[in-house]
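See below for the structure under consideration.
The values are calculated or read from the model by the stated rules, or taken from the named source; none is laboratory data. Computed from a predicted structure; not experimentally measured. Methodologically, a virtual Cβ is constructed for each residue, glycine included, from the backbone with ideal geometry; neighbour enumeration extends over all protein chains shown. Heavy atoms of the whole protein, side chains included, go into the accessibility calculation; ligands, DNA and RNA do not. Shrake-Rupley method; radii C 1.70, N 1.55, O 1.52, S 1.80 Å.
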Amino acid sequence: MTDRPTPAHGANDGVNGSPNDGANDGVNGTARGAVHDGVYDLLGVGIGPFNLSLAALCDGVPGLSALFLDRRPAFSWHPGLLLEGTVLQVPFLADLVTMADPTSRWSFLNYLREHERLFPFFFSERFHIPRREYDHYCRWVAERLPSCRFDAEVTAVEWDGRAEAFAVAHRSADGTEARVLARRVVLGVGTGPTVPEPLRPLLTPAHAGRVLHSADYRAHRTALAARDDVTVIGAGQSGAEVVLDLVRHQDGEGRGGPYVRWLARTPAFAPMEYSKIGLEHFTPDYLHYFRSLPEATRERLVRAQWQLYKGVSEETLADIHDELYERTIGGGRPRADLHPGVEVTAARPDGDGYVLGCRHAEQGTEFEIRTSAVVAATGYAAVRPAFLEPLEKLVDWDDKGRYRVDGAYRVALDATVTGTLYVQNAETHTHGVGTPDLTLGAWRAATILNSAAGRTVVRVPRHVAWTTFGAPGPRTGEAAR
């Protein structure tokens, strides 16, 4: 049920560095908090869904000044995979605000109302909305929040001891540079595409459009569909959608379009866990339980729980099966192969194509595959942004070079830093599989907002699950309640 936000790289506000510009430029009469002493209370770097959720919840909060920066010219979410027919893997209620504040005017339902689409949506009886619609909804919010500014790039974040604030340097696309101060910074720079090591040497201009990550699939979709053989690596939702799209480019008799090969290290092309009780792993209850576990146990759990966040929706798997079945009518055979339990161990160019060295995990068998193009649908991982270099020695990194993050999403810093650094979607190792999931996005944003404001701005529940994670207390059952 995970929908990972596209990397939202930090940026600057592009307004000559004055933190007072637009401090009260509200929309429809809702004013932002004033900037006192030229210092923002809260500054977000990156405007993906998670920081956009925080910006929406901050809107109109009395006495709180906030600014959110992004280097892109406008909001964009997973542009490489906004394919026709693809839907969110979470219900529409997991929008930017509803799971924390359903009364907010930035809800998805209010978006529908503003676009006079509420009745059509009601009649469509949709619980899972198209990805293109989610992207449009987020853009609608981002374009109307006065705290969100695009066409900019954060170049450095450092601690200014004299000002007792973070100094955020940034520049706009035209080269204009500026600097703002903020007492609290929220990193929402998203995650970066990951590619298997054997393929990395092939990610060069010479192989552009033939070896790529699924994040860039849409831009090369037409050219890939015209090739004779395409190999897709990765058993998650993105890989399944690329496979389905390529198979659909084959003609009705299965002759046109590319031969499609699907490889995955997982032992099966498995559906994502979507049972009602299973989904309770995406609740504050499980998050608090996960945080209480030893680090080694947390590391093992994240790997073992891959079906909670790396599986494929049952609908997509069914669609792939149906497309392949259609091609058997009249005695035909699908021009596709599905290979689970296979790891790519080597890759090299070969004429106008590539040879992939592969190993079957269970059989221990090694073999080679020749293909015309490779799409690596191999996921995303948290990255350490270059603009944090001035803070590097002030961050208390763990032994694997990751942030140490507490229950309020605060990063552990040197005692000389009196400001607060928060992170969003970089804490799977401390908070578990719900980290990249949109379900907990608004809840986490509200938690950060309450911490930053020093008071309860948005009430958030702590216990919502029927499941008791961990051993029960000394009193159980009706007596405990």
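Scan region 317-332 residue by residue and report those that are touching a helix residue (DSSP H, G or I) at 6+ places or on another chain (Cβ under 6 Å) and modelled with pLDDT of 95 or more.
Step one: of region 317-332, the residues touching a helix residue (DSSP H, G or I) at 6+ places or on another chain (Cβ under 6 Å) are 319-320, 323.
Answer for region 317-332, where residues must be touching a helix residue (DSSP H, G or I) at 6+ places or on another chain (Cβ under 6 Å) and modelled with pLDDT of 95 or more: D319, I320.
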Looking at this structure, is E280 in contact (Cβ under 8 Å) with a residue 12 or more places away in the chain, surrounded by 15 or more Cβ atoms within 10 Å (Cβ to Cβ), assigned to a loop (DSSP other than H, G, I, E, B) and among the charged types (D, E, K, R)? no
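Residue-wise test of (1) among the charged types (D, E, K, R); (2) at positive phi; (3) open to solvent by 40 Å² or more (accessible area, probe 1.4 Å); (4) in a helix (DSSP H, G or I).
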position: P201; (1), (2), (3), (4): no, no, yes, yes
position: R218; (1), (2), (3), (4): yes, no, yes, yes
position: G239; (1), (2), (3), (4): no, no, no, yes
position: D245; (1), (2), (3), (4): yes, no, no, yes
position: G257; (1), (2), (3), (4): no, yes, no, no
position: W262; (1), (2), (3), (4): no, no, no, no
position: K276; (1), (2), (3), (4): yes, no, yes, no
position: Y286; (1), (2), (3), (4): no, no, no, yes
position: A296; (1), (2), (3), (4): no, no, yes, yes
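Which residues, taken from region 437-466, are among the charged types (D, E, K, R) and either within 16 Å of V423 (Cβ to Cβ) or under 23 Å from the mean Cα position of the chain (by Cα) (or both)? Full working, then the answer.
First, the residues of region 437-466 that are among the charged types (D, E, K, R): 437, 444, 455, 459, 462.
Residues satisfying the conditions are D437, R444.
Scanning region 351-364 for residues that are free of Cβ contacts under 8 Å to residues at least 40 places away in the same chain and either open to solvent by less than 60 Å² (accessible area, probe 1.4 Å) or touching a His at 6+ places or on another chain (Cβ under 8 Å) (or both), which turns out nearest to L212 (Cα to Cα)? Break it down into steps so the answer makes sense when it comes.
From region 351-364, those free of Cβ contacts under 8 Å to residues at least 40 places away in the same chain are 351-352, 355, 359-360, 363-364; that's our starting set.
Next, from what is left, pick out any that are either open to solvent by less than 60 Å² (accessible area, probe 1.4 Å) or touching a His at 6+ places or on another chain (Cβ under 8 Å) (or both): 355, 360, 364.
Values: V355: 15, H360: 23, G364: 27 Å.
Looking at the filtered set, the residue picked out is V355.
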How many residues are open to solvent by less than 10 Å² (accessible area, probe 1.4 Å) and touching a Ser or Thr at 6+ places or on another chain (Cβ under 6 Å) when one looks only at region 134-169? 1
Quickly run through region 82-93 and pick out the residues that are buried (at least 23 other Cβ atoms within 10 Å of the Cβ) and either modelled with pLDDT of 95 or more or of a type in the set (D, E) (or both). none
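Taking region 298-309, which residues are touching a residue at least 24 places away in the same chain (Cβ under 8 Å) and part of a helix (DSSP H, G or I)? Show your work before the answer.
Of the residues in region 298-309, the ones touching a residue at least 24 places away in the same chain (Cβ under 8 Å) are 298-299, 301-302, 305-309.
The answer is R298, E299, L301, V302, W306, Q307, L308, Y309.
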Residues that are among the aliphatic types (A, V, I, L, M) and surrounded by 23 or more Cβ atoms within 10 Å (Cβ to Cβ): find the helices (runs of 4 or more DSSP H) completely inside region 374-481 holding 1 or more of those. 441-453
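State yes or no: is Y325 more than 18 Å from E241 (Cβ to Cβ), among the aromatic types (F, W, Y) and surrounded by fewer than 15 Cβ atoms within 10 Å (Cβ to Cβ)? Even if it seems obvious, please write down each step before you answer.
Details: more than 18 Å from E241 (Cβ to Cβ): yes; among the aromatic types (F, W, Y): yes; surrounded by fewer than 15 Cβ atoms within 10 Å (Cβ to Cβ): yes.
Here the answer is yes, as Y325 does meet what is asked.
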Mind checking whether some residue in region 318-332 is out of contact with any strand residue (DSSP E or B) (no Cβ under 9 Å at 6 or more places or on another chain), in contact (Cβ under 8 Å) with a residue 40 or more places away in the chain, within 30 Å of F127 (Cα to Cα) and not in a loop (DSSP other than H, G, I, E, B)? yes
Does region 115-125 include one or more residues that are closer than 25 Å to M272 by Cβ and of a type outside the set (S, T, N, Q)? yes
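Based on this model, can you work out whether A223 counts as closer than 27 Å to D350 by Cβ and either open to solvent by less than 10 Å² (accessible area, probe 1.4 Å) or assigned to a helix (DSSP H, G or I) (or both)? Spell out the reasoning first.
Values: closer than 27 Å to D350 by Cβ: yes; either open to solvent by less than 10 Å² (accessible area, probe 1.4 Å) or assigned to a helix (DSSP H, G or I) (or both): yes.
Yes: the conditions hold for A223.
State the number of residues belonging to region 51-69 that are in a loop (DSSP other than H, G, I, E, B) and under 15 Å from R144 (Cβ atoms).
2
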Is there a residue being farther than 28 Å from G379 by Cα, without any contact (Cβ under 8 Å) to a residue 60 or more places away in the chain and crowded, with 18+ Cβ neighbours inside 10 Å anywhere in region 65-76? yes
